[in-house]
1. Could you line up B:Lys303, B:Lys243 from fewest to most neighbouring Cβ atoms inside 10 Å?
2. So how strong a dipole does the range A:115-317 carry about its Cα centre when Lys and Arg Cβ are +1 and Asp and Glu Cβ are -1, to the nearest 20 debye?
3. Using the number of other C-beta atoms within 10 angstrom as an exposure proxy, rank B:Leu52, A:Leu77 with the fewest first.
4. Between B:Arg255 and residues 5 or more places away or on another chain, which pairs have amide H atoms under 5 Å apart, with H built 1.01 Å from N, and which residues are they?
5. What are the ³J(HN,Hα) couplings of the range A:13-20, residue after residue, when phi is run through the Karplus curve with 6.51, -1.76, 1.60 and θ = phi - 60°? Round to Hz, x for glycine and proline.
6. Among A:His191, A:His42, B:His71, which comes first, then next, by fewest other beta-carbon atoms within 10 Å?
7. Give the angle, between 0 and 90 degrees and rounded to the nearest 10, that separates the Cα long axis of helix A:299-309 from the longest principal axis of the Cα atoms of chain A.
8. Put a label point 7 Å from Cα along the Cβ direction on B:Glu10, then list its distances to the equivalent points in the other copies in nm, shortest first.
Number of protein chains: 2
Amino acid sequence: MAVYTEVGTEELSAFLDHYDLGELLSCKGIAEGVENSNFLIHTAAGHYILTLYEKRVDPADLPFFLALMEHLAGRGLICPLPVKTRAGTALGTLAGRPAAIVTFLDGMSVRQPAVTHCAEVGEALARLHLAGADFARQRANALSVAGWRPLAKRAGHRADTVAPGLAALIEEELAVVEASWPNGLPEGVIHADLFPDNVFFLGNRLSGLIDFYFACTDTLAYDIAVCLNAWCFEPDGSFNVTKGRALLQRYEAVRPLSEAERAALPLLCRGAALRFLLTRLVDWLNVPPGALVRPKNPIEYLKKLRFHRYASSARDYGLAA
Amino acid sequence: MAVYTEVGTEELSAFLDHYDLGELLSCKGIAEGVENSNFLIHTAAGHYILTLYEKRVDPADLPFFLALMEHLAGRGLICPLPVKTRAGTALGTLAGRPAAIVTFLDGMSVRQPAVTHCAEVGEALARLHLAGADFARQRANALSVAGWRPLAKRAGHRADTVAPGLAALIEEELAVVEASWPNGLPEGVIHADLFPDNVFFLGNRLSGLIDFYFACTDTLAYDIAVCLNAWCFEPDGSFNVTKGRALLQRYEAVRPLSEAERAALPLLCRGAALRFLLTRLVDWLNVPPGALVRPKNPIEYLKKLRFHRYASSARDYGLAA
């Protein structure tokens, strides 16, 4: 959580002149999102989120992300809706960075999801997958299986400074997922990062999904695997099968899984755990001096990966036989 | 700018149950204030700022600060108004910290104040001094002249690592201000930290004053000296006498200065510069590892202090003879 770029009132007011949002009344940098700078702005027209895209986001991807949010919102998914200028564009430049304004969503993220939250996420994820089915644009997942070995190389033997034997375990896992990563499962738009930080609730009801900046075109069931990792483990590292069942049942109530998707679930979960283990490991080993953001501990995902190594079927995640 | 304490939705909702603010709809940590954790909250009743007071604030001082804001708001000054619980208290406990909710103010702070902003600040400062005249509570200024030598001792000879000769210069300045600090000038409530960060504008009109957590009972003209330091120097270290004149003239239009206050202005400015030089120096020399906030460079105030050493009368700050 950080604000990387400060924005002067004058330049922000000039930026807003391109929109039909009325006078700027307030602008607060908010501690939300680790990749970009976010501001909560109040104008005569209401409350909005202003995002400045920092260097970890490829500007070439921004039209995909913004068009996707517009597409999903148009199909009834509650997600930020990009606001367009009078000229009809959603993407501008502010303080030297690509910038966009989206609608503000009420709701709070939960720190310790309960079973009901997992169920709500399962349903929302399935609705997202259905709503994305007719989205025309494509974006490859740079952080899918082909992207993992380069990450492992960046960590190299320094992985063992985080946990003894970690470099060898990563090598082993890479061999497994590269050899048997499933092909031919249903594909489409996936969120790819639907962690508790990115889901809002009002009480126990899901009130919105945010942060589509890892969204891409990939295997739909892989998105479920990311969520099982992010939502259904307890702080002690144990998998809560009741949460897994709740997530999967409510997902299937909207979009039933094929036999092939069910069969692939353990391997997809293993891959998803490896993906977050690797990105966290690389961040952990490469904290720049004076960093404003503390990296997340990769060990959490090592524990999750160990669980998936011993899972033999979708039943281990709570799916009914 | 930082959020030091995270607050869970459940504990925040329980805290809000004591207020008549309706359901919690949103809570965002905001990058505002360096001493405390601040959150912008949205409830069924509207938008508010929630502050958790961190360790640099003495909890015993909080009733003074909150009562002062209520007093000033009641006299028409635009400042945050503490919101009370149904039991009538403005100060509670949240996440193990003293906590209060205040009304949200529109407006933005300016990074590079123009002459008109300085004029507005002068007027608002005088109105604050008048509005505070009948405030019953007292709070000594721990960072007035008696508090500076202990700060200088904490820096010690390490001051010279920031600028050669700085330790000796500080010693010299301490001797001057301790020997001749004015007594008997009009006293009352002062803000004591009215920097551009703490003043909101809508366009060129001042729309509110915030952050009363250094407010205390002290010499009113010292508060002017703090503002001359904070508002009227250019980024290159030069004093902009047009800005000084604008600030002083609009102050005097509301509350004329006595001859004694005018005569004391150069020394008060010198003391105010020394105060911010010393607190910044101590912070600069004592950055804790992993700090989320980068300290402000003390050199800025060394330059300002050098200007004040050569000022001989209030005319040097733009006051008409």
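Throughout, read-outs are computed from the coordinates displayed, never taken from laboratory work. Since the structure is predicted, the reported quantities are computational estimates derived from the model, not experimental observations. So basically every Cβ, Gly included, is an ideal-geometry build from the backbone, and we count neighbours across all protein chains shown.
1. Exposure proxy ranking, most exposed first: B:Lys303, B:Lys243.
2. My answer is approximately 240 debye.
3. A:Leu77, B:Leu52
4. none
5. Computed from phi, the couplings for the range A:13-20 are 4, 5, 4, 5, 4, 7, 10, 8 Hz.
6. Ascending Cβ contact count within 10 Å gives the list B:His71, A:His42, A:His191.
7. For helix A:299-309, the angle is close to 50 degrees.
8. Distances to the matching label points in the other copies: 5.0 nm.
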